[in-house]
Amino acid sequence: MNGKVLHTLEFDKICSILEEFCGSTPAKHMCATLRPSQSLEWIEKAQAQTAAAFNRMLKSDRLSFGANFDARQLLKDATIGRSLSMEELLKTARLLQCVEDLVKYGEDTAADAGDELSELFNGLIPVSTLKNEINRCIKSEDEMADDASSELKRIRNSFATVSGRIHSQLNHMVNQSLRTYLQDAIITKRGDRYCIPVKAEYKSQVSGIVHDQSSTGSTFFIEPAAIVELNNQLNSLKREEDDEIRRILAALSAKLAENADIVNEDQRNITMLDFIFAKAKYALKLNAMRPVYNTEGRIKLRSARHPLLDQSKAVPIDISLGDTYDLLIVTGPNTGGKTVSLKTVGLLCLMGQAGLHIPAADRSELSLFGDVFADIGDEQSIEQSLSTFSSHMSNIVWILKKAKRDSLVLFDELGAGTDPVEGAALATAILDRLHSQGIRTMATTHYSELKIYALSTDGVENAGCEFNVETLSPTYRLLTGIPGKSNAFAIAGKLGLSEDIISSAGKYLSNEEESFESVISELQDKRIRLEAELAEFAKEKESLEQRIKELTERESKLESQKERILNNAREEAKELLQEAKDVADETIRAFNNQGSQMNIKTMEKKRSNVREWLSKQDEALYKDTLKRNRTDKKESVGAALKPSEAVPGTTVHVLSMDVDGEVISAPDKDGNVQVRCGIITSRVPLNELVKTELSDKQIEQNRPKKAQPKLDLSRASTISSEINVLGCTVDEAIARIDKYLDDAYMSHADKVRIVHGKGTGALRKGIHDYLRFNSIVKHYELAAHGEGDAGVTIVSF
């Protein structure tokens, strides 16, 4: 790819920004030398690596590459036997620590199925033994640790002992024996020898070696004879220390040389990871996405933004090229965003082919281009010299020679800088040549001739940059399918040009030009209205989809609750049935055991116990149902009634009776209010009332339909589940049974027992004849064996 376009489209600025996200110099060098690739395989791999780093950073961004450096020369020196310095070895130790940290980061952020960075992370091999040994031996860049070796420790201990003896003797001389001979009571050094400052007149009084004298000659620096041998020992120990340090450094360098290949590979992998994560950090800053690549020359950018603009202010644009048309002509007023649109397309293509994510919406498409050419020299560029017609044309000639079918060509203000008629003709001919060759081309212009060319030529499309004449400012939106309007007259008027001059200018326009501009203006207005309607429709559609989602979730929740309630009901019914069976079995066993010996009183007591148990179950069931109904009503009818709201005339719903009514009195001291429900007035606690929006008329209409379960249950508690007509005549029995069945039916009983005895069978036959024609009886049958046999009839309603 030609290097000129990288500067024209400001790809070099992208690389400079990318360098700022790197943590090490080697990775910054990779950014500075980054170039777009023509290999689709390389591009897809690079994009996948950037995406993998992006995903890992979302999990954790705590990684550092600051310890990375180019270790190739250092490793080469160690390999050929050179002893490395303490500074070089410490840099290597920090590099090895970086390897360990990255290995842990790779494990913590790894995807279950692996990703494109797994190979690089797995390629990092820690050399912990060498790192630990270096850190143990070297305390800083200019200090070796005492424990680096036993010999070094011995030498330094001896050095401290001899140095202590020297200071002890010199302190004695300075403070006592030689105090009067000294210029100052201090110990000093000349070279590597300890000395004392002796006054010139007392030079002969101090035995020793003169090493120096002051500039005035009044002071001589003498090494006392008593410490000469000690000073010699100290210097000897110093030479031994230096030799031992060199030996330790050589040993550490040799160990590094043994692991040179591993360290070298680790350093390359760290550099590559630093470079890839820099791309991911840049993508995160731009809110960039991975583009989808094709080889059909198709560009489809959704909500694309120029990466060098302020992303919070940049207006996204949608651009398509290479699908139904391979030539896009962009028109519109100056400063309307034509050049930015052109640069955005070119720069995003370069970024994508360099493995960088692009600032555009998801599912944006780019094609693999063999080369990108751009002739851009607008007033916004610092390269003013390129804006002349000759410079433009020289560049265009070169582009026409180099461009191929797999190229992308971008022209800004094609044909400008010369006579408009000739410039428009040249521009049309150039674009037509590229169009005939199938080369993907995008051009900006002010020429109406090019707008007409786009309208009349297959495979060529117009696009316009929208401009708000009222505010005299561009909207920077790119409208594909409609040519842009220059709006020169409107802009001039807004800037203060007199109306008569503008009117006079209009006379110089041909009828065709004026008509064409009017059509463009009308099309733009319609386009804006349609887009506004589409935006409103999309908003309503989104709202509807959200409502559907909420209703679906609610339905799913209700279905789940329904299933849970049914399961609970089945369990309760199972337990209730088992308990009823146990009660029945116990009663039957009692009847069977005592038989005819059981007196009537005992038998009635047993039956009464069964009836009492059934009544308790009914009461428990009613209370449970009432409790659930209250909860449901509170959710469906309205909010709980507050004391301040319980004023006469307020319509409420009475939960305990499941009826609507009207408050006729304020709450009393116990929190009870008088509520009128039709012709009945009741005193009801506040917690049994909820607000309702029903009117009095609606309450009156709904009242007849309301059931009164509490009253029915009260009746049910007094109706036995069987009637005994033993000893009665047929007429007496039927009269009793008729009233009994009516009461039992009104209490919502399912079935009852009629005890008539066996005898001659006349009473049983008369009762069955009566039941056969009774409208509330569904069917009847004799009791099962052990439950009364032919002496009892079971009636189902």
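Direction-averaged projected area, Cα convex hull, the stretch 266-347: 7.3 nm², rounded to one decimal.
Take 530-543, 268-281 and order them by the average number of nearby Cβ atoms within 10 Å per residue, most first; the result is 268-281, 530-543. Would you mind classifying the stretch 89-216 by shape? Square roots of the alpha carbon gyration tensor eigenvalues, ordered a ≥ b ≥ c; an a/c under 1.5 is rounded, otherwise it is prolate if a/b is larger than b/c and oblate if not. Here the stretch 89-216 falls in the prolate category. Here the simple spin-label model places points 7 Å from the Cα toward Cβ, and for residue 531 and residue 32 these points are separated by 4.3 nm. In plain terms, the chain from residue 268 to residue 192 could stretch by 22.8 nm, reckoned as 0.36 nm per residue minus the Cα-Cα distance. Between the beta carbons of residue 437 and residue 97, assuming R0 = 60 Å, the FRET efficiency works out to 0.55 to the nearest 0.05.
The spacing between the stretch 112-187 and the stretch 657-683, judged by their C-alpha centroids, is 95 Å. For residue 539 and residue 495, a Förster radius of 25 Å and the Cβ-Cβ distance give a FRET efficiency of 0.10, rounded to the nearest 0.05.
Sites listed here are trypsin sites (Lys or Arg not before Pro) in the stretch 1-104 whose DSSP assignment is loop and whose Cβ has at most 11 other Cβ atoms within 10 Å: 62. Residue pairs exceeding 22 angstrom between C-alpha atoms, taken from 4/404; 13/59; 313/343; 59/279: 13/59.
For 39, 656, the ranking by accessible surface with the largest value first comes to 39, 656, using a 1.4 Å probe.
Cβ-Cβ distance of residue 167 and residue 216, R₀ of 22 Å, FRET efficiency by 1/(1 + (r/R0)^6): the value works out to about 0.20.
Residue separation of residue 118 and residue 778 scaled by 0.36 nm, minus their Cα-Cα distance, works out to 229.9 nm of gained length. Put the Cα centre of the stretch 267-325 next to the Cα centre of the stretch 739-775 and the gap is 88 Å.
Calculate, in whole percent, how much of the Cα-Cα pair population of the stretch 7-106 lies beyond 19 Å. Summing the P(r) of the stretch 7-106 above 19 Å gives 60 percent of all pairs. For the stretch 172-226, the convex hull spanned by the alpha carbon atoms encloses 72 Å³ per residue. In terms of accessible area, using a 1.4 Å probe and ignoring ligands and nucleic acids, 444, 729, 8 rank largest first as 729, 8, 444. For GluC sites (Glu not before Pro), the sites in the stretch 1-55 that DSSP calls loop and that have at most 13 other Cβ atoms within 10 Å are 20. Taking each residue as 0.36 nm, the span from residue 107 to residue 176 lengthens on full extension beyond its C-alpha to C-alpha distance by 17.9 nm. Among the chymotrypsin sites (Phe, Trp or Tyr not before Pro) in the stretch 742-796, those located in a DSSP loop and surrounded by at most 11 other Cβ atoms within 10 Å of their own Cβ are 773. Accessible surface area normalised per residue over the stretch 26-73 is 54 Å², counting heavy atoms of protein chains with a 1.4 Å rolling probe.
The values are calculated or read from the model by the stated rules, or taken from the named source; none is laboratory data. What you see is a predicted model, and the numbers here were worked out from it, not measured in a lab. No Cβ is skipped: glycine too gets one built from the backbone with ideal geometry, and neighbour counts run over all protein chains shown. To get the accessible areas, we keep the full protein, side chains included, count just its heavy atoms, and leave off ligands, DNA and RNA. Shrake-Rupley method; radii C 1.70, N 1.55, O 1.52, S 1.80 Å.
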